[in-house]
1. What is the calculated FRET efficiency for residue 320 to residue 188, with r their C-beta to C-beta distance and R₀ = 56 Å, to the nearest 0.05?
2. Order these peptides, 378-386, 263-271, by their mean beta-carbon neighbour count within 10 angstrom, highest first.
3. Sort the following peptides by mean Cβ neighbour count (other Cβ atoms within 10 Å, averaged over residues), highest first: 278-288, 28-38, 227-237.
4. Pop out the ³J(HN,Hα) list for region 91-103 in order, Karplus 6.51 cos²θ - 1.76 cosθ + 1.60 with θ = phi - 60°, rounded to Hz; leave Gly and Pro as x.
5. If each of residue 255 and residue 160 carries a label point 7 Å out from its Cα toward its Cβ, how far apart are those two points in nm?
6. Could you compute the FRET efficiency for residue 276 and residue 200, with r as their C-beta to C-beta distance and R0 at 51 Å, rounded to 0.05?
7. Going down the table (61/118; 61/130; 130/176; 61/169; 61/176), which pairs top 30 Å between alpha carbons?
8. Among 207-215, 61-69, how do they line up by average Cβ neighbours within 10 Å per residue, starting with the highest?
Amino acid sequence: TLYYQLVVSKEGRSDNSKPKPPAIPSKSSLEGPELAAAESLVQTVREQSADSLSFASEMIKTLHRRSEENVRILLNQDDSPANIVAVASRVLEVPKIRTQIVHGFLLDSVNASKRDMKDSPMLAIWESLKNEWIYINPNTGMIGLPDNYLIWWTGESPMFNIEGGGHFKSSVSAQKTAQNALDLTQRNLEQQHPNIWKFSLFSLPLHTQVVYQVMIMIPLGAFIILLLRNLVGIQTFGTFMPVLVALAFRETNLISGIILFSIVIGIGLLVRFYLEHLKLLLVPRIAAVLSSVVIIMILLSIISYHLGIEYGLSIALFPMVIMTMTIERMSVVWEERNPWEAILQVIGSLFAASIAYLAMNVPLMMHLFFTFPELLLVLMSAMLLLGRYRGYRLSELWRFNSLMAHELAGRSWPLRQHNKNLRNRPPEGPSDQQPNPGRHSRFQERGVTPPPHHAILAFRHSGF
């Protein structure tokens, strides 16, 4: 027993898969009474058709009229579809129409499997104007190939021949299975366009593909940070820190990653405050903070391992240098501004990292960016477009809420009302135009020409 297996998929037929048209038949293979019957049928059908295609379709329908004498002579009491196709092909040789017998199987689109499928022959007519084969159903005479029809072989010969043996039996079975469309595209691209396939990410080794699946999502995370900073107005410690932290969240889980990040930053900030009393230079202080961050991560990994917390082992994936710089910048903001400002920026960084993590882990986005890397150009164009934005941020709407309330109420801003009162004040005596001696004496002591009185008022009300 011999078994042959073939995997086929439904795709568009290309011109390379079409058989070449045979030569125009010089004479018919029919002889004697069969030739006379064929010429009689040709004369009858020609009056009911307009072109070769309609002629062939009408001939198939005529061969199903078993009551006619000419049809009985040609079919010879065999009205099977295979014999009708063979007889129609021979009859169409009389009017010099190029034909071909096509054998195939009708695949059942409903049932998942089908056993002992029968051959379903079709008659193919060469259409010179369209330069393609047109198929005709031998049972109905309808033009067109069914969508679920699988062409197996062409010609009048059987599916296979055996030499030196006999009593053979053949059967064809089909099993419908689901296959990834991406695998089919890869296989077709390798066969049809091998040079283009070499520039695809799928041509790389598997372990390299895994690395690029992560790297190719970093621009998307940077774009999310760009939206949050330039449009929403969320303050973060740098641009790349939230993106790198979001990459670390891929291994630690979001909630566990936020907890571990907060613990490392909190303990590292305490170490940074202690180093401030030692009056160290910048580089030694940052190096000491980096060493303390590594020690903190090691201790957390050991403690979490003995407590049975698996996510604690993934803390080693956090970017140590970025966390060190975050601790340094947070301490600077803590001292120069206020603690609340530093805490707000840390919360904003964690919020931005969480949003970037959720966007970078969408399966559809990962599939699209890895399959179509040219989407990075679209993402870059959006970044350039947002780089030209100079408008208000969403957070500034709350920041200037009081100004908007004055404008909507029809009231003037206090500074504007004060300047208006200065302009409308009536002039006083001549002594009012004289400069203040005390004011002039202070500027003369410094060797500077005193500015006019309205300039000092402008500085005073401008916040200088």
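1. So, using R0 = 56 Å, E works out to roughly 0.75.
2. Going by the mean number of other Cβ atoms within 10 Å, highest first, we get 263-271, 378-386.
3. So the order, starting with the most tightly packed, is 227-237, 28-38, 278-288.
4. 5, 6, 5, 5, x, 6, 9, 7, 10, 7, 8, 10, 10
5. Modelled inter-label distance: 6.1 nm.
6. 0.45
7. Checking Cα-Cα distances, 130/176; 61/169; 61/176 exceed 30 Å.
8. Highest to lowest by the protection proxy: 61-69, 207-215.
The values are calculated or read from the model by the stated rules, or taken from the named source; none is laboratory data. The structure displayed is predicted, hence computed values, not measured ones. Note that we place each Cβ from the backbone using ideal geometry, even for glycine, and neighbour counts take in every protein chain shown. Side chains are part of the model used for accessible areas, which takes the heavy atoms of the whole protein and leaves out ligands, DNA and RNA. Shrake-Rupley method; radii C 1.70, N 1.55, O 1.52, S 1.80 Å.
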